[in-house]
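Visitor: Quick one: this structure, given as structure tokens, is what I'll be asking you about.
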């Protein structure tokens with residue numbers, strides 16, 4: 001999955017992903033939890049984001 005696809009799928013700005021990948025910043029708070037959950041259960045996160 002490309003950064004653009006990931007950003008679109010999980011509603012995370014592409015610039016934010018770039019900063020995380022390049023170690024300029026690290027996810028904090030809810031973003032850190034979201035990234036953990038995506039790593040463990042990406043399908044569940046996709047389904048949850050589609051609801052609502």
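Nothing in this text is a laboratory measurement; each read-out follows from the coordinates by a stated rule. Bear in mind that the values here come from a model prediction, so they are computed numbers and not experimental data. Reconstructed Cβ throughout: ideal geometry from the backbone, glycine too, with neighbour counts over all protein chains shown.
Visitor: Please report, in whole Å, how far the alpha carbons of segment 3-50 spread along each principal axis, starting with the longest.
Guide: 30, 21, 14
Visitor: Still on this structure, please answer the following. Distance from a point 7 Å along Cα→Cβ of residue 36 to each backbone N in segment 1-29: keep the residues under 14 Å and list them by number.
Guide: Answer for this model: 27-29.
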